[in-house]
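This report refers to the structure that appears directly beneath it.
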Amino acid sequence: MLWKTVAEAREGVRTAQRAGQRVGLVPTMGALHEGHASLMRAARRDCGFVVVTLFVNPAQFAPGEDFNRYPRTLERDLDLMAAEGVSAAFVPDAAEMYPRGAATTVHVSGLTDGLCGPLRPGHFDGVATIVAKLFNALPADAAYFGEKDYQQLQVVRRLVRDLNMPIDIIGCPTVREPDGLALSSRNAYLSPTDRAQAACLSAALFEAQRRISEGLRDPAAIISGIRKCILAAGPAVIQYVEIVDPQTLRPLNIIEGEGRIILAVLIGTCRLIDNVAATAPGA
Ligand code: AMP
């Protein structure tokens, strides 16, 4: 099934629920890859009816970002969804999601103050707004998001909690290339040289994870190791490397329990983000 309007999508979701099916939602911007496919599989495990949304949301691109060149591969995306046994695709156009006069945005404060927030003005408002709209348009039982976009996942969890939205948010592990690079639609922007270099991000994160598991507890020392590892691999602009509390996303002074190491780095013209858990031994 291919739905283009909110009315069709809402009716489709309700029909599945009336037939007794749990409905799972996988929001995406298309240019689908194995990371997206893993969310579809997780949804299929829990839900009899799975909807994937494909919408390149203009509101979540900051000024000067890659909205126009963002990859759009609708035919391939529909084939991949069919192969994954997805029940329906929701593919609205911009006018359907943002009718003339749309004047409401959703802002999640605190969680968006750091990390990617200040670097991408308006981005998380755009994300929170489209996610709230999708949850209202398609009243699914559960929605599946990747840990790859860790800050986004926490923003969505908070949004749902704060606005009492009746939907379960399921976080799914990051899917990686064999050399460790996290899959991303934006990896298409990497030249072959940049692509080879990009493996340094996950390598640096895994090495940091190892040092933490051996008992290193000082975030500054770990962060400096990560920076060195990335810059040793070639030219790169490190936007940030931080070790934060997994819930509040505030920087940790010492790694005692659970933490999350998160980074954003420019390699060539491509902005890459990645993150891993940082758990102190015995935590
Ligand atoms: P996007 O199309 O990039 O907006 O991503 C749609 C969903 O797929 C988001 O929940 C992402 O976190 C998730 N996702 C993207 N890349 C990956 C990946 N490599 N592994 C797991 N989930 C991913």
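Read-outs throughout are calculated quantities, based only on the coordinates presented, and are distinct from any laboratory measurement. Worth saying up front: this structure is predicted, and the values here are computed from it rather than measured. Heads up, the Cβs are rebuilt from the backbone with ideal geometry, glycines too, and the neighbour counts pull from every protein chain shown.
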To one decimal place, what orientation-averaged projected area in nm² is obtained for the convex hull of the Cα set of region 129-283?
10.1
Which of these, GLY30, GLY64, GLY180, has the largest mean-square fluctuation under a Gaussian network model of the chain (Cα springs below 10 Å)?
GLY64
Hydrodynamic radius of region 185-275 per Kirkwood, over alpha carbon pairs, in Å
13.5
The base-10 log of I(q)/I(0) that the Debye equation returns for region 129-190 at q = 0.23, 0.25, 0.28 Å⁻¹, one scatterer per C-alpha, is -0.95, -1.04, -1.20
Among PHE145, LEU181, THR193 the positive-end extreme of the charge dipole of the chain (Cβ point charges)
PHE145
Quick one: Karplus J couplings for region 55-66, per residue in order, coefficients 6.51, -1.76, 1.60, θ = phi - 60°, nearest Hz, x for Gly and Pro?
7, 7, 7, x, 5, 9, 9, 6, x, x, 7, 8
Find the Cα radius of gyration of region 55-145, compare it with 2.2 N^0.38 Å by division, and give the number to two decimals.
1.21
Give the aspartates and glutamates whose C-alpha is closer than 14 Å to that of LYS4, dropping any in the same chain fewer than 8 places away, or say none.
ASP93, GLU96
Can you pull the Kirkwood radius for the chain, inverse mean 1/r over Cα pairs, to one decimal in Å?
19.8
